[in-house]
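Notes to accompany the following structure.
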Amino acid sequence: MKMMGALLATFREAAGHTQRSLGEHFVVSEQQIASIEQGRRPLKPDLADQLDALLDTKGALTAALAHMPEVDLVPLWAEEYLDREREAIAISVYDSLAVPGQLQTEAYARAVFRSRVPVYDEDEIEQLVATRMERQEILHRKVPPTTSFVIWEALLKDRLGGTDVYIEQVRKLREYADVPGVSIQVLPLGRSSHAGLDGPFVLLETPEHQRLAYMETQRGSHLIADPDGVGILTQKYAMLRTQALNTEDSRGLLDRLRGEA
């Protein structure tokens, strides 16, 4: 992605555009253009086509994108989900494997990516961590999305990255638990029923009030728009919220974990 970013920057400067003026042509932010040029965000095919036309590059960006090594491309399903997440007005997340990406510290995210098998190299890890940290900007917008997180207590028993990383991560969770518009609930161990046994998932609501769902598996992911499929996961999430500790008791649990660390 760094090669694509450098190529875009070269063509942009040759055409006399700033990052801001280029973004204004396509109703995207200056920060998004900067992220592409720095290799932290992939250039999508539709935007590459439009940039080729505007910058009169004779299709160079589109051709370069088509011939990039597959390993250097963010999968299209992932990029589509990230686009939807950035514009969402409501996000609901259930996770049982790791702290949700929107709430991870940089060190915890690095530990998550270092746990991958087969392993990422260090450059890939740093690129993935930077992308994950950038995603968290949505929680700090002037008008952030309404966000709800249900996390299984089991993941709070792991200490990915070591004790110092764990302590910092619990502190961050506790801080976010006090942020207006953010709800964090812990699903405790020892329950006799559990609505989330099929695994983690995310629910999104777009500005047009379309409801979507997203699920990850060992070998890929799925963005679901089918109303029936989204409806089933919405029911599961509602049940999970009733099975989880309420927000006040969840804050108390995080306080205890922070004190025990």
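Every number in this text was worked out from the coordinates using simple rules, so none of it is lab data. Quick caveat, the model's predicted, so the values are computed rather than measured. Neighbour counts are summed over all protein chains in view; Cβ atoms, including those assigned to glycine, are modelled from backbone coordinates with ideal geometry.
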Practice problem: Filter segment 1-42 down to residues that are more than 22 Å from GLN136 (Cβ to Cβ) and in a loop (DSSP other than H, G, I, E, B), then give me how many there are. | Solution: 5
Quiz item: Looking only at segment 130-148, which residues are in a helix (DSSP H, G or I) and either within 26 Å of ASN246 (Cβ to Cβ) or free of Cβ contacts under 8 Å to residues at least 24 places away in the same chain (or both)?
Solution: GLN136, GLU137, ILE138, LEU139, HIS140
Quiz item: Given the conditions (1) on the phi > 0 side of the Ramachandran plot; (2) touching a Ser or Thr at 6+ places or on another chain (Cβ under 7 Å), which single one is not true for GLY220?
Solution: (2)
Self-check item: Which numbered condition VAL182 misses (of (1) β-branched (Val, Ile, Thr); (2) surrounded by fewer than 16 Cβ atoms within 10 Å (Cβ to Cβ); (3) in contact (Cβ under 8 Å) with a residue 12 or more places away in the chain)
Solution: (2)
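Results for (1) more than 29 Å from HIS209 (Cβ to Cβ); (2) aliphatic (A, V, I, L, M); (3) outside any helix (DSSP H, G or I), shown as yes or no for each residue.
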{"position": "ALA98", "(1), (2), (3)": "yes, yes, yes"}
{"position": "ALA107", "(1), (2), (3)": "yes, yes, no"}
{"position": "ARG116", "(1), (2), (3)": "yes, no, yes"}
{"position": "ILE125", "(1), (2), (3)": "yes, yes, no"}
{"position": "GLU168", "(1), (2), (3)": "yes, no, no"}
{"position": "GLN185", "(1), (2), (3)": "no, no, yes"}
Quiz item: Got a sec? Which of LEU257, LEU233, LEU173 is buried (at least 17 other Cβ atoms within 10 Å of the Cβ), part of a helix (DSSP H, G or I), out of contact with any His (no Cβ under 9 Å at 6 or more places or on another chain) and free of Cβ contacts under 8 Å to residues at least 40 places away in the same chain?
Solution: LEU233
